[in-house]
1. Return yes when residue B:96 is in a helix (DSSP H, G or I) and either charged (D, E, K, R) or open to solvent by less than 60 Å² (accessible area, probe 1.4 Å) (or both) and no when it is not.
2. With respect to residue B:14, is the statement that it is within 27 Å of the chain's Cα centre (by Cα) and open to solvent by 20 Å² or more (accessible area, probe 1.4 Å) true?
3. Somewhere in region B:321-341, is a residue within 12 Å of chain A (Cβ to nearest Cβ), in contact with a Leu (Cβ under 9 Å, 6 or more places away or on another chain), open to solvent by 20 Å² or more (accessible area, probe 1.4 Å) and charged (D, E, K, R)?
4. Anything in region B:284-319 that is in contact (Cβ under 8 Å) with a residue 60 or more places away in the chain and either more than 7 Å from every other protein chain (Cβ to nearest Cβ) or open to solvent by 40 Å² or more (accessible area, probe 1.4 Å) (or both)? List them, or say none.
5. Any chance region B:81-90 includes a residue that's closer than 21 Å to residue A:16 by Cα and exposed (fewer than 12 other Cβ atoms within 10 Å of the Cβ)?
6. Would you tally the residues in region B:139-154 being away from chain A (no Cβ under 13 Å) and surrounded by 15 or more Cβ atoms within 10 Å (Cβ to Cβ)?
7. If residue A:29 passes every condition in (1) part of a loop (DSSP other than H, G, I, E, B); (2) facing chain B (nearest Cβ under 9 Å) but one, which one does it miss?
8. For region A:62-88, which positions are open to solvent by less than 10 Å² (accessible area, probe 1.4 Å), assigned to a strand (DSSP E or B) and either within 7 Å of another protein chain (Cβ to nearest Cβ) or over 17 Å from residue A:30 (Cβ atoms) (or both)?
Amino acid sequence: MGFLSRLFKSAEPGLVHLPSGSFTVDKEGAVITSTLPQSFPSGHRDAISQQIMAAFRSAKRAHMPLNEIVIQYSALKLLARELGEGAIIFLMPQSLNQQSSVSIKKSP
Amino acid sequence: MPAQPTILLMDDDQDFLDLYREMLGQHLPSMPEVRVANSGTRALSILQSEQFNLLIADLNMPKMDGLQVLTIARRKFPHLRLVVLTGIRDEQFRTRAYALGVDQYWLKPETDQEVGLFMESMESLISRESQEGFRGVQSKGLVDIIQLECLSQSSCVLKITNGTTEGKIFIQAGEVFDAELPGMTGETAFQRILAWKTGSFESLPADPSRVRTIFSSYQGLLLNTAQAIDEAASAEEQPVVPSGEGPASTPVQNSRAASLLAEVSQMEGVEFVLALGREKNRAQEFWGLDNPKPISEFTKETLDNFRTLGERLHVGELQQITGFGLQHKVAVAPCGTSDVCVGFPAAVSQEHLRDSFKNIISKWAS
């Protein structure tokens, strides 16, 4: 057992590449299906689904039920669509030329 | 800051650290003191105990990776200059590093020429830091930049970005010809842009075909604008009693907020607006809501949660959240020291929502 665990020791956590893809979750945020690579940490995926389901619930509590939420970060866009009692969540990493200009540049 | 510049170099490869410590410490003209750290936690503890001008960090590190270190360093030490020096040739990491606020992103040099360029660039970064007053236009106000362009009789288009809003000031042969913001042009747009407190700018080639709408001299224009801003600031200090007009009387805190809300309430398709201060007292201003509490809770909860998620994923600043429902559409975004939430009817198109929200955010940021 010790020998095997040394052979198959999980890699040390390193830099996480943000994948493009989608996954579906139930109303508790548990993953049902996913097209994300296994290298994407499940902790990250769970954190995303929990916050998204919480946002849907919070909107409902504010008497403003939503069926789609788009979250825009500088380097990532998340799109979540409500599906009955769950949701489908898309991850779309953004590249530098997709963003609006935020740096100071001086053109010739 | 100490007189001798200081650099902290972080990498998990000891040979690399030894080589670059020598190169930077002995071959840069400013002769900086170079400290090294072979892990993220070590780097953070050194940063905590000593002052540095520059952090040069690798991204691919065991346990605590470079993006984590950069996120913490940017938050805890906002004046520290950050440079990534890595072997990772992946556009996504470059994007994410810049989104976290790094100054430069370098691939580890492979040729003498690349080493030379890297060294020059590092020298330029630390000397800019130590020569106060030579940091250039980055730390100047918009008024200074406009004066500079007009005095030198230049022709250009200044593109100014404030959050998600973009404005343009057209300068032709040292005179301000026109200004543009979503939904407005001319002197009004110019005054609005100049009222922005923060942002960034880009100087683009001149647009000679632009029709002149501003005929005042630039000095007169700047004077009028400064006067208007002063008047607005002094009016802001005088609390007013809410008028109680319009849907759901608005317990606004000051006349500036009152006039902003009045302006926003006239915009087509806007159902409600709520601005929530991010300071401890969480002051709120709103229009179009009978009971702002549920929307206020939604705004706070959602933005706080997604800000935390963004930090965990290292994807930079949270820019905006948009929600679509059968009865309503809603847009939420951080704006200066407030969080702003705007409601629209479901029938509003996505383009209209995007443009209106941009406009509202730009007004609020001013």
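The values are calculated or read from the model by the stated rules, or taken from the named source; none is laboratory data. Quick caveat: nothing in here was measured; it's all calculated off a predicted structure. Cβ placement follows ideal geometry from the backbone for every residue including glycine, while neighbour counts extend to all protein chains displayed. What goes into the accessible areas is simple: the full protein's heavy atoms, side chains included, and nothing from ligands, DNA or RNA. Shrake-Rupley method; radii C 1.70, N 1.55, O 1.52, S 1.80 Å.
1. Working: in a helix (DSSP H, G or I): yes; either charged (D, E, K, R) or open to solvent by less than 60 Å² (accessible area, probe 1.4 Å) (or both): yes.
When the stated conditions are applied, residue B:96 passes them.
2. no
3. Yes: region B:321-341 contains one or more residues that are within 12 Å of chain A (Cβ to nearest Cβ), in contact with a Leu (Cβ under 9 Å, 6 or more places away or on another chain), open to solvent by 20 Å² or more (accessible area, probe 1.4 Å) and charged (D, E, K, R).
4. Restricting attention to region B:284-319, the residues satisfying the condition of being in contact (Cβ under 8 Å) with a residue 60 or more places away in the chain are B:311, B:314-317, B:319.
Those that are in contact (Cβ under 8 Å) with a residue 60 or more places away in the chain and either more than 7 Å from every other protein chain (Cβ to nearest Cβ) or open to solvent by 40 Å² or more (accessible area, probe 1.4 Å) (or both): B:311, B:314, B:317, B:319.
5. yes
6. Number of matching residues: 3.
7. For residue A:29, the exception is condition (2).
8. Of everything in region A:62-88, those that are open to solvent by less than 10 Å² (accessible area, probe 1.4 Å), assigned to a strand (DSSP E or B) and either within 7 Å of another protein chain (Cβ to nearest Cβ) or over 17 Å from residue A:30 (Cβ atoms) (or both) turn out to be A:69, A:71, A:73, A:76, A:78.
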